[in-house]
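Inspection log for the structure reproduced underneath, given as structure tokens.
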Amino acid sequence: MTGKSYDMIIITGPTASGKTGFAALLASRLGAEIISADSRQVYRGMDIGTGKDYEDYIVNGRQIPYHLVDIADPGYRYNVFEYQRDFLEVYNSLKQREVLPVVCGGSGMYIDSIVSGYKLIKVPLNHELRNRLEEKSLDELTAILASYKSLHNKTDVDTRKRAIRAIEIEEYYLHNSGTDHEFPSIKPLVIGIMFDRETRRERISKRLKSRLQSGMIEEVKKLLEGGVTADDLVYYGLEYKYICYYLQGRTSYDEMQRGLETAIHRFAKRQMTWFRGMERRGITIHWLPGEMDNAEKVQEVLLYFR
RNA sequence: GGGGAGAUACCAAAGUGGCCAACUGGGGCAGACUGUAAAUCUGCUGUCGAAUGACUUCGUAGGUUCGAAUCCUGCUCUCCCCA
């Protein structure tokens, strides 16, 4: 590899675009290792529903090392802050070993957090503040949060719990300049895999059908039996949410399948919106047509990488 | 064969003479997003448009009326009940 000016490669794209297989092939060519950027594949035991295709990581009989998959128990609530921290740890160790990191995943925010270097400081619990806010209504909390920063959406004031945490963080920022936790500036080559809308939807529908036939419902059942609560599963969204409702008898199989299909289509659309947003903010994504076979895609990427 | 109900925009479904380009929901599209992000939230959704603008719509063909998705008549189709 000559004259490489990128610190890492990122492979992204909406769900069902064939990221993993491609990333693995690319990694095998470059002697690289994969760092997942998938907010759900971090959980152990959530395999079919999150599309952990373990066999995709085996290229020509060789196991491609991958990271940040299966690192948390189901039921746990992993988040961006932890992702950024965990990513950095892996990233640094790869750099130390002079191994090229290939990030692969479709969680736009996770990718953005490492590319744009979100400033996420470790904010400890502030019990005094929490006691003070305990009795406040959501409206009051919203007003308080608004006094710290302008609210550009309702994400932070969705529930009282989130609002209190958001205030806690803002309060902490107020007294801690935040320079103690610089995220390094990383220069990535960002590759996106793109199918036209119709094809994307077809692929999603087809994949859903095959997952349902290959034990996805059993997987959810097993999670429930293993002590993961229904609430946790609903929180995980998509297949875990819809199948959980089905197992609880709240929806018929048909309703589950149809609702889930729609939900995944919408999810893919939101992913695309996120990617467009990143581009608008100045991050260049090199889109490759999904139809192109993986070997050819690898060639394309190598061109960028020279 | 007889009787009844109904046909509204991509789908479902309100509207029963002017306030209707037409409530609402779904779907679709677009956007937002810095500690839940597979989440959460917002906007648009007849056509053309920058538009407070123009044009074309409520099965179909006519009619009544200043004015019809709404009233009348014929036709077509769908559903239900009785034979």
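Taken together, the values in this text are just the output of simple stated rules run on the coordinates, not laboratory data. Since we're looking at a predicted model, the values are computed, not measured. With ideal geometry, Cβ positions are generated from the backbone for all residues, glycine too; neighbour counts draw on all protein chains shown.
Strictly over 31 Å apart at the Cα level, which of A:Lys52/A:Lys95; A:Lys95/A:Lys221; A:Lys52/A:Lys297; A:Lys52/A:Lys269; A:Lys122/A:Lys222; A:Lys122/A:Lys206 would you flag in this model?
Working: A:Lys52/A:Lys95 25 Å; A:Lys95/A:Lys221 40 Å; A:Lys52/A:Lys297 21 Å; A:Lys52/A:Lys269 21 Å; A:Lys122/A:Lys222 34 Å; A:Lys122/A:Lys206 42 Å.
Going by Cα-Cα distance, A:Lys95/A:Lys221; A:Lys122/A:Lys222; A:Lys122/A:Lys206 fall outside the 31 Å limit.
Got a sec? How would A:Met109, A:Met194 order by Cβ neighbour count within 10 Å, fewest to most?
Details: A:Met109 15, A:Met194 18.
Fewest to most other Cβ atoms nearby, the residues stand as A:Met109, A:Met194.
Before rounding to the nearest 500, sum -39500 (n - 2.57) across all DSSP H runs of length at least 4 in chain A and divide by the residue total; then give [θ] at 222 nm in deg cm²/dmol.
On the way: 12 runs with 155 residues, N = 306.
That comes out to -16000 deg cm²/dmol.
Quick check on the range A:235-306: take the gyration tensor over C-alpha atoms, sort the square-rooted eigenvalues as a ≥ b ≥ c, and tell me if it's rounded (a/c under 1.5), prolate or oblate.
Values: a/c = 3.88, a/b = 2.26, b/c = 1.72.
Prolate, because a/c is 1.5 or more and a/b exceeds b/c.
Restricting attention to the range A:1-99, which GluC sites (Glu not before Pro) occupy a DSSP loop and are surrounded by at most 11 other Cβ atoms within 10 Å? Present the calculation step by step, with values, prior to reporting the outcome.
Values: sites: A:Glu33, A:Glu55, A:Glu82, A:Glu89, A:Glu98; in loops: A:Glu98.
Here the sparse-neighbourhood loop sites are A:Glu98.
Could you pull out every one of the aspartates and glutamates with an alpha carbon less than 18 Å from that of A:Lys136, ignoring same-chain neighbours closer than 8 positions?
Output for A:Lys136: A:Glu128, A:Asp156, A:Asp158, A:Glu168, A:Glu170, A:Glu171.
List A:Glu296, A:Glu168 from most exposed to least, where exposure is judged by having the fewest other Cβ atoms within 10 Å. Don't skip to the end; give the middle numbers.
Numbers: A:Glu296 12, A:Glu168 18.
Final ranking by Cβ density, sparse to dense: A:Glu296, A:Glu168.
Report the net charge of residues surrounding A:Gly106, where surrounding means a beta-carbon distance below 9 angstrom and charges are Lys +1, Arg +1, Asp -1, Glu -1.
Working: positive: A:Lys19; negative: A:Asp38.
So the surrounding residues net to 0.
Could you tell me whether the range A:27-136 comes out rounded, prolate or oblate from its Cα gyration tensor? Rule is a ≥ b ≥ c as square roots of the eigenvalues, rounded for a/c under 1.5, then prolate if a/b exceeds b/c, otherwise oblate. Don't jump to the answer; show the numbers that get you there.
Values: a/c = 3.00, a/b = 1.81, b/c = 1.65.
The shape class here is prolate.
So for the range A:178-306, what percent of the C-alpha to C-alpha distances run longer than 26 Å?
Values: 3689 of 8256 pairs.
In whole percent, the share of Cα-Cα pairs in the range A:178-306 beyond 26 Å is 45.
Of all the C-alpha pairs in chain A, what % are more than 33 Å from each other?
Numbers: 14302 of 46665 pairs.
For chain A, the share of Cα pairs beyond 33 Å comes to 31 percent.
How much net charge surrounds A:Glu89 when only other residues with a Cβ under 12 Å from its Cβ are counted (Lys, Arg +1; Asp, Glu -1)? List each step's numbers first, then the result.
Details: positive: A:Arg85, A:Lys95; negative: A:Glu82, A:Asp86.
Summing Lys and Arg as +1 and Asp and Glu as -1 gives 0.
Under 1.5 on a/c is rounded, so check that first for the range A:161-253, then, if it is not, pick prolate when a/b is larger than b/c and oblate when it is not; a ≥ b ≥ c are the square roots of the alpha carbon gyration tensor eigenvalues. List each step's numbers first, then the result.
On the way: a/c = 2.99, a/b = 1.46, b/c = 2.05.
Cα axes put the range A:161-253 in the oblate bin.
Explain nothing, just the number: dipole magnitude of the range A:7-122 about its Cα centre with +1 on each Lys and Arg Cβ and -1 on each Asp and Glu Cβ, in debye rounded to the nearest 20. If you can, show how the numbers build up before the last one.
Values: 12 positive and 14 negative charges, 40 e Å.
For the range A:7-122, the charge dipole is close to 200 debye.
What list do you get for A:Arg250, A:Arg200 if you sort them by fewest beta carbons within 10 Å?
A:Arg250, A:Arg200
Suppose every K and R has +1 on its Cβ and every D and E has -1 on its Cβ; what is the size of the dipole of chain A about the Cα centre, in Debye to the nearest 20?
Numbers: 44 positive and 43 negative charges, 121 e Å.
About 580 debye.
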